[in-house]
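This report concerns only the one structure given below.
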Amino acid sequence: MVIKIFYVAIAIFCVAMVFLSVQTPYFSDMFRQDLSIANMEMKKIVDYQIGELVDAKFTADGGTRYKDRDEFVNFKAEETTSDLNHTLVSKTATRAGELIKFNGDAHYINTDGFDYTAQEIIYDTSSKIVRSDVPYVLRQGGDRITGTSISYDTKTKQTNSKGIHAWYLIKDQNSTN
């Protein structure tokens, strides 16, 4: 009889312990489905986008592919369109869907002499728009422009900017130089 009572007490104790362990807030973390585990890791990346010609070249020192994004270190993208060459360089880059986010000393330059730097530059691959929502410095020719945000449409070559301060190099009309 004592052994039966002991077994019942142990059974009740085990059920109570299981019930209490399920109630802890940390237990649900064990079953999370949104784990950020790398699917692939890459080193010394060189990738070419090929159409009728070589349209773009992407290089990086390293990269990691996750389920929803790709992350790169020391990333450089060079794209050639019919009339312009575009180059984007940064310390890190993240591609999620159609957007590539360049972080850390991001730099955009094209063959028109349009050259700007910011801590973050975002490039939309579908609309071909390069933008930055953080302070930037733009140089073109001898001109220097600083501002709080910029958007440059590479198709129409139109620039929209906010909060700008500009220094323009003006050549004297009466000068012989």
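In segment 64-81, the condition of being within 15 Å of the chain's Cα centre (by Cα) and among the hydroxyl-bearing types (Ser, Thr, Tyr) is met by at least one residue. Taken residue by residue, segment 66-82 has at least one member that is surrounded by fewer than 17 Cβ atoms within 10 Å (Cβ to Cβ), among the basic types (Lys, Arg), under 26 Å from Gly51 (Cα atoms) and touching a strand residue (DSSP E or B) at 6+ places or on another chain (Cβ under 6 Å). Among residues of segment 1-45 being at pLDDT 85 or above and under 29 Å from the mean Cα position of the chain (by Cα), the one that is farthest from Phe75 (Cα to Cα) is Glu41.
Residue check: Asn85 meets all listed conditions (1) surrounded by fewer than 16 Cβ atoms within 10 Å (Cβ to Cβ); (2) under 28 Å from Met40 (Cα atoms); (3) touching a residue at least 12 places away in the same chain (Cβ under 8 Å) but one, namely (2). In this structure, Asp143 does not qualify as free of Cβ contacts under 8 Å to residues at least 60 places away in the same chain and within 21 Å of the chain's Cα centre (by Cα).
So which of Ile170, Ile129, Ile164 ends up being buried (at least 16 other Cβ atoms within 10 Å of the Cβ), without any contact (Cβ under 8 Å) to a residue 60 or more places away in the chain and of a type in the set (A, V, I, L, M)? Break it down stepwise before answering.
Details: Ile170 fails: buried (at least 16 other Cβ atoms within 10 Å of the Cβ); Ile164 fails: buried (at least 16 other Cβ atoms within 10 Å of the Cβ).
Testing whether each residue is buried (at least 16 other Cβ atoms within 10 Å of the Cβ), without any contact (Cβ under 8 Å) to a residue 60 or more places away in the chain and of a type in the set (A, V, I, L, M) leaves just Ile129.
In this structure, Asp61 does not satisfy being in contact with a strand residue (DSSP E or B) (Cβ under 6 Å, 6 or more places away or on another chain), among the acidic types (Asp, Glu), closer than 23 Å to Ala166 by Cβ and modelled with pLDDT of 85 or more. On the stretch given as segment 95-124, residues that are over 17 Å from Pro135 (Cα atoms), within 9 Å of the chain's Cα centre (by Cα) and buried (at least 17 other Cβ atoms within 10 Å of the Cβ) total 2.
The values are calculated or read from the model by the stated rules, or taken from the named source; none is laboratory data. On a predicted model such as this, the values are computed, not experimentally measured, just so you know. Cβ coordinates were reconstructed from backbone atoms using ideal geometry, including for glycine residues, and neighbour counts include every protein chain displayed.
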